[in-house]
Structures are given as C-alpha cells and as structure tokens.
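Below is one structure, written out as structure tokens; comments come after it.
The values are calculated or read from the model by the stated rules, or taken from the named source; none is laboratory data. In this text, all values refer to a predicted model and were calculated from it rather than measured experimentally. Because the Cβ atoms are built from the backbone with ideal geometry, glycine has one as well, and the counts that use them run over all protein chains shown.
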Amino acid sequence: MRILHNTNIDFLGKRKIFYIVSVSIIIIGMILLYLKPIPLGIDFLGGTELQVKFANDVNIGEIRDIMDKNDFPGMEIKSMGGPKFVLLRTPLQGEGQTVSDKIISVLKTNFPDNTFSVERIDKVGPKIGAELRTKALFAVVFSLLGILIYLAFRFQLIYAFGAVIALFHDVLITVSAVAIFDALIPSLKLELNQTMLAAFLTLIGFSANDTVIIFDRIRENIKLFKNEDIQTVMNKSVNATLSRTVITSGTVFLTVLVLFIFGGEVLRGFSFTFGIGIITGTYSSVFVASSIVVDWKNRVHDKFTIKGKTKLSTAK
Amino acid sequence: MKKNLARIVLTGVFILFAIWFIYPTYRDNQLNKELATKTGQDSVDFITNYGDKLKKSREDRIKLGLDLKGGMYVVLDVDVIKFLEDIAKKKDDILIGILGELKEQTKTTDLPIIDLLVTKLNSRGLTLKSYYGGDRDDAKAVEKKLNDEIDNAIDIAVRVVRTRVDQYGVAEPQLQKIGNKRIIVELPGVNNPDEVRKLLQGTALLQFQLLKDPAITYKVMQSINKVLAGDTTQVSSNDTLKSNSLAGTKETIKKDTTKITKKDTANLKSDKKEKSKTDTKKDTTKSKKDTVKNKDTSAINTDTASAQDSIANMSIEERKKKFPFFMLVKLYEGGGADGYVEENDKPQVDFILKRADVKAVIPSDMVFLWSQKTIDIEGKKYFILYGIKKDAELTGKVVEEAKSTIDPQTNSPVVTMGMSSEGAREWARITGANINKRCAIVLDGIVYSAPVIKSKITGGSSQIEGMANIQEAKLLEIVLKAGALPAPLKIIEERSIGPSLGEDSINKGLTSSMGALLLVALFMIVYYKFGGGVADFALLINVLFVVGVMAAFKATLTLPGIAGLILTLGMAVDTNVLIFERIREEQNSGKPLRTCIDIGYKKAFSAIIDSHLTSVITGIILYQFGTGPIQGFALTLLIGIVVNLFSAIVITHFIFDILIEKGKQISFG
C-alpha cells in the first residue's frame, strides 16, 4: 500500500501562494487576538480557581447571580463537562485561603440542599504568575535558539534560519488558530496555561522534526544531483519524503485525537493545540521552510557558502 | 550472527531490568487490592504478615503525581519583611512605613530585600545599623550579618516545616527548598487543606504573658473611649473599675461568670467558688466593696456619686456618642477588665485599636489581644479582648514536651506541656510571685486561656485548652513539638486535588494510552504488513522500557506524563516509517532484501538522529522551565525519545536480520 507515492508537485514553484496563505491566517489571528485575547489561565495571571462537583444539576446563571451579590462580581464561572460540574475562577487571592473559603461558604449558604465536593483548588499568587509568564517566554525563545544553533551545526546557517523561521511561523499560526477557534467555539474553553505552554514547545520540537527530515533529504540529494539547480533538488526531496511526512504526522495526529476525545478536561487544551500544531508543522515543513531557503539564496546569491559542500548555481 | 547475538543479549538484559524495576509497582497494586478485600482482624493480620513487603513495594514503585493521586502542593515563601520587623532593635514608624512599602513592592518583584531596604533608608538619611546594628559596627558588616540571619532563619524554617510535615503523618511527603527563600511541600493523599495550611503557616510562637492590672486596663479603655468620643478631658483617677460596673447594654452577668470559670481552668488551680453565681456582686479585683446591682443597666459614672445617671435613661444614639468604645467592648461585673465583643463587631474593634490616636493612649508595655474562641451569651457569640503585658514572662522555647489529650475533668481536648528544668524554675518563680493574678497563654498572638494563678507551680507543667476538637489539639501538639518558626511563612501557591479527580484522571489516561496504542499498531500492520508487525512488537518493548526507566529513577508519573507517553508512541512510529520508507525505495531498485534493509537503516540514521535531537532540545527546555506536572511530561517525552532510538534502530534491525537468516520473506507492504 502506498500513499502519496512518486508525486511530483512543484512545491517551490508555487511558494508565493503559500506565503500569502500563511500571512493571511496570521493576520486574521493577530486581529482576533487583539480584539478578543485568549484568556490567561491562573498559572500566568494569578488567582483562585475551584472545581466543584454538585450532587444535583446546577444552573450556571444562578451561581453567577449569587456570586455577583456576594462580593465576587464578574467571577468567571463555567460548567465543566456536565451540569453537575462547575469551575469558578477569580483573579483575587487573598491572604492565605480567605478567598476560596469565602467562595465555599457562599456556595454552602446558597445551596443548602445541594451538597457539593470541592475536587480541586488552585491558588496562584501574583508573584508566581508573573514568574511563570517570564519563564514561558524564555522557554519558547530558548527552544528556538537551541534548535537554531544545533541545525546551524548540522546544516548550513541558512537552513537553520529557514527552519527556525518556519517554527516561529508555526507558533504564530497555532496561536492564531487557537484564537480563531476560541472565538468560534467558546465551549472549547481554551486558555493559556502551563499545559498550553507544553503544547507549544512540543509542537516546536515536532515541527523541527519534520523540517529536519526534509532538509536531510535535500542535503543528500544535493550531493547526488550536483548539476541541477537548488529549486529542482528541493522539489525532488520534498516529493520523495512527502509520503513519510504525511504518514508520520497522520499517526501522531491520530494519537492526539484519541487524547482529545478520551483524555479528559485537563489535557483537552493541550491536545487541541498540539493537534493544530501538527497540521501547521507539517504544512510549514513542506511548504515554507525550503521556500524560505530558496528565496534567501536567490537574494543573497550564495553569500553563505556550504562547509566544503558543492556550490549550486542559483539560476532559476 | 555474532553482531546479532550481542544485540539480542543486550535487549534481553534491558527487558529483564525493566521488568525488575516495574515489578514493585505491580506488587504494590496487588497487595493493596488484597488488603482492600479484607476487614477487621483479617486486615490487621495481613498488615502484620506482609508489613515489610508492603513498605518495600510502596517505596520502590512508580510514584503517582498529585494530579493522579490527589493531595496538596504548596509553595511557601518566607516572609522576610515580617522577620525584619521582628528583629529590628528599634521599631519606629519610619521603619514600619518603609517595610510596608517593601511589602507592596515585593509582591511582584524578587529583588534582594536588604538592598532595597538599604536604598530606602539611605534616601531618608538613615542607615541600616541604626535599626539593626550597634554604633561600632560598620555598614557592610551589618548588612552581611542581616543577610546571614535571614539565611539562617530560612534554614530553620525548612527544618521546622519538615518536622511538622513528618509528624503530621502523611505518607511520602516531599519537601524542597527552592532558591533561597521558598519551600515546596507536596503532601499526597491529604484532603484537609485547612489543617495543612494551619500546620504550615502558624509561627507557633508560644508566650506566657501576665494580664495587666484590671484597673489599669480599664483606664486605658476609658482613654480609648474618650478618643473615639472626641472627648479631650482626662480620665479621672476616681474612675476605678470597682465604681463602675456594667457598661452598655441590658445583658445580665449571671450566665457568663460560670462560663468564664470553665474556660479559665488549667493545671493552675482556679478557685471556682470565687466566680460562682452567688458572687456576681463581688469583683475579681482586689476590691472587696460590693457595688452594683447586676440586673439593671447601670451607668458608667464619672464620679462615684451620680450613680443615678443610668445609661438606661440615655438613648442608643447618645450612648454611642458618649461611650462608643464601650458599646462595642462590653464589660461585666465579675469579669475584670475583659472586654466582650460581639463576633460581628470584632473587625471594627480591630480597626479602632489600629488607629494612631488610639495607639497613642495605650501604654507601651501593654497590648490588647483576642481570645481564640467565642463564648455564647444569650445566643450571641462574643470574643474576649484582654489587656495584656507586652513582654512575655516565658516563651515556648522552654517547652520540651507536648501531648494532646482529653482532660478527664472537663472532657474537652487539652494540650499538656512539659518544660525544661530551667523553664520549670522560671515558671515556679513567676507563678510564685503572681498569685491571684491572671496569666494568659498566648499562641501566635491569640489568647487561648487566661486563668488565675492560684499557687506556685513547681513541676514545670502547664496546659493549653480552648481547642474545638481533638484534631485541633493534635495540630497544636505537632506545632509545639516542632518548634516555632523563626520567620512567618506565606503560601504563595497552592493546588489541592481531590482523590476522585485523581482516579478519574488515571482512568482517562489509561484509556487514551491503550486506544492510541491500538490505533497505531493497527495502522502499522495495515500499511507495512509484516514489517509493521515487527515494528509493533518493538513498540511494546518501547513502552516497557520507558516505564522501566521511570521506575528505576523513581520518577513521578503525572497526567501530562501519560500524554507524553502517548506522544512518544506516535514518534516511535515516525522512526519506523523513516526506515521502512527507505527500505521500500531500495526495494524499488531491485536489490536483495537484506541489502535493502541494511541500506534503509543506514540512510535513515542521520535523519533520525537529527530529528530526535531537536525534540530532545525542546524537551530539556520544557523540563527546565516547567513545574510539577509539566516536568513530568518533559521527562516521559525525553525518556521515550531516547528509548525509541534504541528500540527502533537496534531491536527491529536484529529481528529482521534473524528472520532473514532463517529465510523468511519479509514484506514491507
């Protein structure tokens, strides 16, 4: 059985289209982010969050009214996977445990017949929130940097750049996609927290994975096809690895799908984001990374020479 | 064949190791299942017989993270500001003000506090040594000494917290000092967050403080009252407690005197008779004059004569205007100068006591402290406000032993304390010199009881009561035994997970893993036929190895960790796909099968290494910058990647080699 075998698609010839597609998605995403930013979880914002399970169904609106009246105006209240489960969140965190205790006692007094158990309490002070935000930023920057350096060793600097720009593009597109879906399907309850950060870093690693496979093949083919121009060689390489790229992404996507469906609330944000990341990662590896390399080479005219490898003419 | 022999042996050894390390987890599960089916004597027997095995399995098994087991995760921050306030040699308003500013600042930044303090002091023309050092010390030395003291305090705090946590009786608690002023505490299986918070945050500063002479306390209260009422006249020396009885409302005294009696009993023998109902007319002060009728609302007299000016004749507004303090803080005949404050009024009284103009009339050797519990008077709950000598006669340092128990006489929980011999001597001296005076037992600034010293106590024993139940007493016992915290601790992050959520997560994790494994295995067989089957076999070994490595390192499994495992399944497939696609390509050029396989592995190798290493880079970074569950994810991912390299490249290769030698025709689809 073969999938996408012996294809001969002119990927690099059509690269302008792909640039436009990418940039459009990113622009839409950025606009959406500006208008309706993805909410920050309490990991990054600080605050108190309670997950409560009632014995009987509850009405979210009712709870919201009660909280409004009891010094918690505008508290975020969501149902979590069923009419008995409620998630309450407020950016307040008083000294010690006053906030969560107050929330619990308000619930107790107003729902005397509906016993509930508090399944989870998370409290994050503002200092920790700020720290985690900084750490998250550094994490993303350092991964990109780390990959840049490693790839510069294994390939040329320009390839490293191409790969990292593609990765950066992946992050932007995924963030945009998350923003778009968050706007379309609010019930997905996407928010930025530590698990999302894990998703982003994993997708960076995964997309780099993909890109490297293609570059490896290009590196091999450049040696084999010394007389052909770079664009043809790249096209050959991308086509040759297409089958493998799609299959791998496909299987990983499948496992993430299982996670999304069966993995529960905690991992939902992660599986969703990473799922999108797989798609954009594959897309960027195939369409974007090599394109950037070609365009750079065309522009700069072989300014960066390969370490002891054959130069190629850049004639189109 | 020789090459393959080495590989087979190596793999075999690894498999055995993996099983060896995983076995305790399996055994732990089995033993616990069996234990759960037994009850009563059977279960006790079971534990005795299998005690060692149970313990060993528990220690060696894979740990479940808090998100899978339930429990609490707490990050404690040492309150350096409060510590600085406590150890300052001179505490004036300027210092308090500066420390208050620092407190706000440090809420969001993490700059070194001493440096900030020095800057602020210098900007006001003051130096650090004016507050923390002697005149002869030079500035740098003072700074260093202060920093050393802070470091020392933090280390002591870590030790104290560790002792408390150990004694609390949580299975496998984990404690870690982070940076130089944070402590991370993990308590699996705990589901009483309130108790834990109390356990971790209470400074446990125990002090024995004498009460101020009631006459003086009363005078101070009057001064406060005057400040509130805007009255600038002096408190006359004729105003003695004995000439004034009830202040304020219509409540009767009968009920409370008996309750005071109960509350104030201790090992110190208190004379119940003195406080009995029949003696409501007598004061507890040294005065023997019988003054007032208790039933009606009598007046606060500003001179002894005009007792007719009863408050009952005033309206509520007038009362509030003239005696604002006493409307909130009620005094009773027979209650000395203990102020009774309704539960709802407590915050207001607190506020009043913090006012600068009120503080100005409180003598510097005196402090007002609250009772730990409320008492019931006619259906309303009252806190008691005590006027207490600021300097402690004795502190908890002398307490060597503490035991929570139920007092047989009163049937309520108490904590009995034993003192060191020095402490016992001191205590004997103090009690001997203050007979008939009252001594308050104060913990963290709250009065647990204030009994009368009836006689000299020589045994060095003492008792704290006033706890709601035996659990509270037990907490107190632990905290007293572990010692006082040198600096207060604040909880800056807390996550509690209930056990049911944990179980739920485990189930979901397991289902997803199995589902994913199944799907992937199926795909491989369908697409790569027999080759795919071999890859699946390697995949299973892959999983075994990952779990084995985790068990060997006693790593903790979290829910994201399970996600990481599932992800490595997907990536493991990637490696196989790379190799098999190459093999297929080579097969197209018609080479013999064995050559194709060898070339396939060789050519795919560079791509495999590069792609895995980039994933490893992000994995490491994630581990560095993440916390808790995220680190669990990074760990499983990293282990999975490394293991995968081995199983995909080595294991599948030699399996193919062996099969080909045996002449099997392997199809790669």
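Here's the yes/no breakdown for (1) within 25 Å of B:D77 (Cα to Cα); (2) surrounded by 21 or more Cβ atoms within 10 Å (Cβ to Cβ); (3) among the acidic types (D, E); (4) more than 10 Å from chain B (Cβ to nearest Cβ):
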| site | (1), (2), (3), (4) |
| --- | --- |
| A:P126 | yes, no, no, no |
| A:A139 | yes, yes, no, no |
| A:S143 | no, yes, no, no |
| A:Y150 | no, no, no, no |
| A:A163 | no, yes, no, no |
* Count of the range B:594-606 residues which are more than 13 Å from chain A (Cβ to nearest Cβ) and either free of Cβ contacts under 8 Å to residues at least 60 places away in the same chain or surrounded by 18 or more Cβ atoms within 10 Å (Cβ to Cβ) (or both) -> 5
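In the range B:283-385, which helices (runs of 4 or more DSSP H) lie fully inside it and hold 1 or more residues that are touching a Gly at 6+ places or on another chain (Cβ under 6 Å) and either at pLDDT 85 or above or surrounded by 17 or more Cβ atoms within 10 Å (Cβ to Cβ) (or both)?
Once the helices (runs of 4 or more DSSP H) in the range B:283-385 are filtered for at least 1 residues that are touching a Gly at 6+ places or on another chain (Cβ under 6 Å) and either at pLDDT 85 or above or surrounded by 17 or more Cβ atoms within 10 Å (Cβ to Cβ) (or both), what remains is B:324-328.
Would you check if B:T652 is surrounded by fewer than 23 Cβ atoms within 10 Å (Cβ to Cβ), hydroxyl-bearing (S, T, Y) and either on the phi > 0 side of the Ramachandran plot or at pLDDT below 85 (or both)? Working first, answer last.
Numbers: surrounded by fewer than 23 Cβ atoms within 10 Å (Cβ to Cβ): no; hydroxyl-bearing (S, T, Y): yes; either on the phi > 0 side of the Ramachandran plot or at pLDDT below 85 (or both): yes.
Answer is no for this residue.
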* Asked: Which residue out of B:G515, B:G502 is crowded, with 21+ Cβ neighbours inside 10 Å, within 14 Å of chain A (Cβ to nearest Cβ), closer than 30 Å to A:V252 by Cα and not polar (S, T, N, Q)?
  -> B:G502
* Structure fact -> Sole miss for B:G125 among (1) of a type in the set (G, A, S); (2) out of contact with any Phe, Trp or Tyr (no Cβ under 7 Å at 6 or more places or on another chain); (3) assigned to a helix (DSSP H, G or I) is condition (3)
* Quick check, is B:F545 among the hydrophobic types (A, V, I, L, M, F, W, C), surrounded by 20 or more Cβ atoms within 10 Å (Cβ to Cβ) and within 12 Å of chain A (Cβ to nearest Cβ)? -> no
* Structure fact -> Residues in the range B:553-574 that are part of a helix (DSSP H, G or I) and either facing another protein chain (nearest Cβ under 9 Å) or surrounded by fewer than 17 Cβ atoms within 10 Å (Cβ to Cβ) (or both) total 12
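Any idea which residue in the range B:190-229 is farthest from B:K320 (Cα to Cα), counting only those that are within 14 Å of chain A (Cβ to nearest Cβ) and part of a loop (DSSP other than H, G, I, E, B)? Even if it seems obvious, please write down each step before you answer.
Kept after step one, since they are within 14 Å of chain A (Cβ to nearest Cβ), are these residues of the range B:190-229: B:190-203.
Cutting the leftovers down to part of a loop (DSSP other than H, G, I, E, B) gives us B:190-192, B:202-203.
Numbers: B:V190: 49, B:N191: 47, B:N192: 43, B:G202: 37, B:T203: 38 Å.
The extreme case among them is B:V190.
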* Which numbered condition trips up B:L187, out of (1) within 14 Å of another protein chain (Cβ to nearest Cβ); (2) within 15 Å of B:E494 (Cα to Cα); (3) surrounded by fewer than 18 Cβ atoms within 10 Å (Cβ to Cβ)? -> (3)
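Yes or no, residue by residue, for (1) away from chain B (no Cβ under 14 Å); (2) small (G, A, S); (3) touching a residue at least 40 places away in the same chain (Cβ under 8 Å):
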site	(1), (2), (3)
A:I17	yes, no, no
A:V21	yes, no, no
A:G41	no, yes, yes
A:G47	no, yes, yes
A:Q51	no, no, yes
A:I60	yes, no, no
A:I66	yes, no, yes
A:K69	yes, no, no
A:G82	no, yes, no
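Would you check which residues across the range B:386-405 are in contact (Cβ under 8 Å) with a residue 24 or more places away in the chain and out of contact with any helix residue (DSSP H, G or I) (no Cβ under 7 Å at 6 or more places or on another chain) and list them?
Filtering the range B:386-405 for residues in contact (Cβ under 8 Å) with a residue 24 or more places away in the chain gives B:386-399, B:401-405.
Selection gives B:Y386, B:I388, B:K389, B:K390, B:D391, B:A392, B:T395, B:K397, B:E401, B:T405.
In the range B:24-120, which helices (runs of 4 or more DSSP H) lie fully inside it and hold 2 or more residues that are closer than 30 Å to B:N147 by Cα and in the same structural domain as B:A157 (by TED's automatic domain parsing)?
Working: elements: B:40-60, B:66-69, B:80-87, B:93-105.
Answer list for the range B:24-120: B:80-87, B:93-105.
A:Y34 - would you say it is exposed (fewer than 12 other Cβ atoms within 10 Å of the Cβ) and of a type in the set (S, T, Y)?
Values: exposed (fewer than 12 other Cβ atoms within 10 Å of the Cβ): yes; of a type in the set (S, T, Y): yes.
Spelling it out, A:Y34 is indeed exposed (fewer than 12 other Cβ atoms within 10 Å of the Cβ) and of a type in the set (S, T, Y).
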* Residue count, the range A:207-240 (criterion: among the charged types (D, E, K, R), buried (at least 23 other Cβ atoms within 10 Å of the Cβ) and more than 14 Å from every other protein chain (Cβ to nearest Cβ)) -> 0
* Structure fact -> The one condition B:D77 fails out of (1) away from every other protein chain (no Cβ under 13 Å); (2) modelled with pLDDT of 80 or more is (1)
* Asked: Mind checking which residues of the range B:620-630 are more than 7 Å from chain A (Cβ to nearest Cβ) and buried (at least 22 other Cβ atoms within 10 Å of the Cβ)?
  -> B:P629
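Search the range A:36-56 for residues being outside any strand (DSSP E or B) and small (G, A, S), and hand back the single one that is farthest from A:A183 (Cα to Cα). Let's see the steps before the verdict.
The initial filter retains those residues of the range A:36-56 that are outside any strand (DSSP E or B), namely A:36-39, A:41-46, A:55-56.
With the extra rule that they be small (G, A, S), the set shrinks to A:41, A:46, A:55.
Values: A:G41: 17, A:G46: 23, A:A55: 32 Å.
Filtering the range A:36-56 for residues that are outside any strand (DSSP E or B) and small (G, A, S), the one farthest from A:A183 (Cα to Cα) comes out as A:A55.
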* Could you give me the residue pairs with C-beta distances under 6 Å whose first residue belongs to the range B:14-30 and is over 15 Å from B:L64 (Cβ atoms), whose second residue is surrounded by 14 or more Cβ atoms within 10 Å (Cβ to Cβ) and of a type outside the set (S, T, Y) wherever it lies, and which are 6+ apart or on separate chains? => B:A18/B:L544; B:A18/B:F545; B:A18/B:G548; B:F21/B:G548; B:F21/B:A551; B:F21/B:A552
